[in-house]
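Enquirer: The following block contains the structure, expressed as structure tokens.
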């Protein structure tokens, strides 16, 4: 009979020999085991002074749980979780219980990998393809990545969304908000529904997701429901300015719920609307003329450039000129805020950039998304994107906006007085 030393493992055609990764995994396994032991020992040490009547220590180490495989970013690691025992014969609700922060009781994947899987799904990789897509870094037999396990993530997404929808906003303040409703190529019948999204900028300059729900983009009622919900959960102080496109439903609802908030129309959307009313051959020249307006250094210069635009194109392209000039005040509202914030206020790009990835996902799946799945997908994608959002430029100017300091052409009133002196 041959023994184990006589058996030679044959290299599989699709396998990859990577000693470096194997060394890293072995080191990670040892470090994880040591960290778990140290965590359990530290917990026992916290209760070292608790002594039973017979003189024994109440809380002690109690061996290890069964070995399990944890899927991490460098592959599967087999670990055993240390156990801690409370020797006191107390009721269940009075027992000292140990819960590992490093390795939760039922965890089968690292938190970073759990965060990666929704992103991969949103980027166009189907749940059935996860194992193949990740086999190069996680190993060919990566456990805990079955389609069923991935599908169960949607239940976690729903729970996260429900908790987020109920969060208290009484301690929050948003100086600016961006609002947009974006349609997806998904199964969202029977009505033309879309995702209504509101982002906000805090007084510290941080961007946050404020409101999110499925609704009708042009419907004032859908926007009103979202804004009322936000206000009812504690956001009583109105934003100083709101940025959005020409969807009249949002602006009507905003005036009803937060009547003191200034309107700032998105120049990217407005430029597209004006160009739609002009021949394509004229688009390059018209874009240049429109840029002269919104890049002007002062409101007076912008208004002069807008008047010049109206005089130049009004005779033949009246609809294009009317489309621009009817929103004159809302297009130039940014001049009443710090100049450092103009780039942020002139466009709704913070929302558009997020939905670009969502559209990519819906195209890859040929629109095979239910309304529920699409909503959860977008919510998780926005949460993932929020980690990389940059703070507003000129964050030190935000407290002045909150305090009600008057700005003229981007300069605070007291700064103008100092310059004059």
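Enquirer: At 7 Å along Cα-to-Cβ for each site, give me the label-to-label distance between residue 390 and residue 255 in nm.
Expert: 3.5
Enquirer: Just to verify a number: FRET efficiency for residue 409 and residue 56, C-beta to C-beta distance, R0 = 56 Å, to 0.05?
Expert: Approximately 0.15, to the nearest 0.05.
Enquirer: How far apart, in nm, are two points set 7 Å out from the Cα along the Cα-to-Cβ line at residue 26 and at residue 69?
Expert: Taking the simple label geometry, residue 26 and residue 69 are separated by 1.9 nm.
Enquirer: Report the extension gain between residue 85 and residue 183 in nm, rounded to one decimal, defined as 0.36 nm multiplied by the number of residues separating them, less their alpha carbon distance.
Expert: Extra length available between residue 85 and residue 183 comes to 29.8 nm.
Enquirer: What distance in nm separates the simple spin-label points at residue 47 and residue 229, each placed 7 Å from Cα in the Cβ direction?
Expert: For the pair residue 47/residue 229, the computed spacing is 4.2 nm.
Enquirer: Based on the Cβ-Cβ distance from residue 295 to residue 372, what FRET efficiency comes out when R0 is 41 Å, to the nearest 0.05?
Expert: Using R0 = 41 Å, I get an efficiency of 0.45.
Enquirer: Expressed in nm to one decimal, what extension gain is obtained for the pair residue 329 and residue 277 from 0.36 nm per residue of sequence separation less their Cα-Cα distance?
Expert: Difference between extended and current length: 16.6 nm.
Enquirer: Please give the contour-minus-distance gain from residue 165 to residue 319: 0.36 nm per residue of separation, less the Cα-Cα distance, rounded to one decimal in nm.
Expert: Additional length available on full extension: 51.3 nm.
Readers should treat all values here as calculations from the given coordinates under stated rules, not as data from a laboratory. If you're wondering where the values come from, they're calculated on a predicted model, not measured in any experiment. Glycine also receives a Cβ, built like all others from the backbone with ideal geometry; neighbour counts cover every protein chain displayed.
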